[in-house]
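Presented below is the structure to which this report refers.
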Protein chains: 2
Amino acid sequence: MARRANVSRATASLVIRNSPLVGEATRQRVQAAIEELGYVYNLGAARLRAERSHTVGVIVPNLTNPFFAELLAGIESVVDVAGMVVLLANNAELVDRQNTVVRRMREHGVDGVILCPAAGTGTDLFERLAEWNLPLVQVLRHFSLHADYAGVDYAGGMRQAVEYLSSLGHERIAFAVHGPVHPAYQERVDGFREAMSAHGFDASMIVRVPDQLAQIAEATHLLFEQAAEPTAVLCFNDVIALGLAAGLYDRGIAIGRDLSLVGFDDVTDAEAVRPRLTSVSTMPAAIGENAARLLLDRLADPALPPRRMVRPTVLHVRQSCGPAAVVTA
Amino acid sequence: MARRANVSRATASLVIRNSPLVGEATRQRVQAAIEELGYVYNLGAARLRAERSHTVGVIVPNLTNPFFAELLAGIESVVDVAGMVVLLANNAELVDRQNTVVRRMREHGVDGVILCPAAGTGTDLFERLAEWNLPLVQVLRHFSLHADYAGVDYAGGMRQAVEYLSSLGHERIAFAVHGPVHPAYQERVDGFREAMSAHGFDASMIVRVPDQLAQIAEATHLLFEQAAEPTAVLCFNDVIALGLAAGLYDRGIAIGRDLSLVGFDDVTDAEAVRPRLTSVSTMPAAIGENAARLLLDRLADPALPPRRMVRPTVLHVRQSCGPAAVVTA
């Protein structure tokens, strides 16, 4: 078909994918050839492979967060082995910006997109991508049942942490949270509530702290302004745990003795702080690898039903928790 | 010319840039049109702009290092405002792998490349890129005088740190290093030696520690196996400082009182550890912004002579240093 239209395969492929990069004259010529040859749009997988741009669009909310950096490294490692490259953008957690970068990815003819959707993403985004025939994998945040998803069992991680703290005698457990509300946020909060209720504990101590690491320490006092004083604090992520660890140090509170602290994500720093941070491992690099594999599978077989790959978490016990102090009334 | 050859501007541009993505027949047709029209390869800047792919290749050694994540965020922010996107790859600090990803970037028709060259990069890489007419900006590591460079004044940073420690009475200062030997490594080591010599101090206490954060703490004993016991430790980067801080905590050595510690780079964690880490700020996001600006300037005017943008460092004094203890023989 490309030969009949007297254009390169790459150009023909751009026309088929409705790329705005192709000039109108070329588009008409290729379209004419398509009709003349009775070319069917729904090409077989093998045929499609040859027409690909070998680029994968990756969109994350924030590049400086080490969690997303590890996720990206995992995606890149699998994409690289497949002989493809990553086109990278950040949506800055803004829906409008996300629309812009998704459009730009399409203009660059990516074969598919791995997206960590911004908080507030609506169904319109998924409809648009489906119209464009642009394969999509959602990562970390599950917005649409109609697209592939790679994530982690946040609720399971919350259960593991509450179970462990309960085994040390803790009942008054606070949950320190921050950031925008998105499905991954909601899953963690719901997971915390369910795990606490399952043990008959009060799940109402949910404490919002600032987003920036350097400011979290100064919000530590919020932990001690609750209805009951917590003996343990479970954190939404390790950034919060590291910030609170600094704030507790500043107040002369010994972590693991006076107050137990559990992080979530288990980033590299968890091992390096003192006392070493007990944290729920989510292994972002492995999630990234899963997301890339889902996309490669989808490219090989576009007819696959939507799939979910949800990794289990692992509680990594270190030094930041101890037995609950005996209650003194 | 594109019209004469009956191809899109994008395809004509690929031919002009010698892209292997274009089929042989198309290439010949475009070449014929070029000759027929007396088309001159050295197009004006405005003309070139219209032929661009609007992608920038970015190659870094390691995506999970927060330093490179911040650098990448800085690059992406400027590239994004220019309406372009980032094609991302890592060279894993391997020259062979770097050759592969550079070739792949070219095949994808990037307008230019921002590269943090792997240790051991030879002049052949720069010659090849010049042959391909592929604009290049070196970032952080200055390998070639014939290409643009965005970096930071490592030697100046070393001077600031040694000056500050000297002002607190320190003379026996160890320098803790790790990682592969590349120009940025050499600049820091030379900078340390010169700064120490300028004060009349012995610059021979250079201590190599492991690369991984979690293993650095266990190498802390190396600090105390030197010819003379150091009263202060200057670190090659903050990763080393955080690792040693953990190791010193494990040995019951109070940072800032028993031993002074200075980091380098001033990543986010420097503010969150306790005691807060004094560190030399290199501001990787700002270096990334400079690299992107150099590349945009180069694309606008390929005839510019090679330029260097070297940012000054800023010593960020926090709590990890104190006066040198009185010498007890």
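A compact table of results
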read-out	value
Per-copy distances of the B:GLY252 label point, shortest first, in nm (7 angstrom along Cα→Cβ)	2.1
Degrees, to the nearest 10: A:95-107 long Cα axis against longest axis of chain A	30
Simple Cβ-charge dipole of the range A:119-162, Lys/Arg +1 and Asp/Glu -1, about Cα centre, in debye nearest 20	220
Shielding score for B:77-87, defined as the mean number of other chain Cβ atoms within 10 Å	4
Prolate/oblate/rounded call for the range B:154-282, Cα gyration tensor, a/c under 1.5 rounded	rounded
Average silhouette area of the range B:234-309, convex hull of alpha-carbon atoms, in square nanometres	5.8
Under-5 Å amide H pairs with B:SER320, H placed in peptide plane, nonlocal only	B:THR278
Pairwise centroid distance, computed over Cα atoms, of the range B:183-244 with the range B:107-138, Å	32
Segment B:GLU24-B:VAL310, length gained on full extension (0.36 nm per residue, minus Cα span)	98.6 nm
Label-point gap, in nm, between A:SER204 and A:ALA254 - each point 7 angstrom along Cα→Cβ	3.3
Inter-copy label distances at B:GLY200 (7 Å, Cα→Cβ; nm, one decimal)	7.5
Dipole of the protein assembly as shown, positive end: most advanced residue of A:LEU222, B:GLY112, B:PHE67 [Cβ charges, Cα centre]	B:GLY112
Gyration tensor (alpha-carbon) shape descriptor, the protein assembly as shown, a/c threshold 1.5	oblate
Mean Cβ count within 10 Å, highest first, over the residues of peptides B:154-160, A:302-308	B:154-160, A:302-308
Global size of the range B:73-184 as Cα Rg and Dmax, reported in angstrom	17.6, 57
Over chain A, relative contact order from alpha-carbon pairs under 8 Å, at least 6 apart, %	19
Between 0 and 90°, nearest 10: helix A:154-167 axis offset from chain A longest Cα axis	20
Contact order normalised by residue count of the range B:154-282, Cα under 8 Å, 6+ apart, percent	24
Amide H partners (placed H, <5 Å) of B:GLY112, local residues excluded	B:GLY57
Sorted peptide list for B:276-282, A:143-149, criterion being average Cβ within 10 angstrom, highest first	B:276-282, A:143-149
Peptide-level mean, for A:265-272, of C-beta atoms on other protein chains within 10 Å	5
Cα lying deepest toward the dipole's positive end in the range B:154-282, options B:GLY169, B:TYR185, B:GLN212, charges on Cβ	B:GLY169
Ranked list, fewest to most other Cβ atoms within 10 Å of each Cβ, for B:GLU24, B:GLU218, A:GLU171	B:GLU24, B:GLU218, A:GLU171
For the range B:283-292, 3J(HN,Hα) per residue [Karplus equation, 6.51 cos²θ - 1.76 cosθ + 1.60, θ = phi - 60°, Hz, x = Gly/Pro]	6, x, 4, 5, 5, x, 4, 4, 4, 5
Amide H contacts under 5 Å for A:ARG311, placed H, 5+ residues apart	A:GLY151, A:VAL152, A:ASP153
Per-residue average of Cβ from other chains inside 10 Å of A:237-249	2
Magnitude of the charge dipole, chain A, Cβ model with Lys/Arg +1 and Asp/Glu -1, debye to 20	1080
C-alpha long axis of helix A:66-81 to longest principal axis of chain A, angle in °	30
Kirkwood-based shape ratio for chain A, expressed as Rg/Rh from alpha carbons	1.10
Nearest-first distances (nm) between copies at B:ALA300, label 7 Å from Cα via Cβ	4.7
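Computed from the coordinates by the stated procedures, all read-outs in this text should not be read as laboratory data. Keep in mind that what you see is a predicted model, and the values were worked out from it rather than measured. Here the Cβ is made from the backbone with ideal geometry for all residues, glycine too, and neighbour counts use every protein chain on show.
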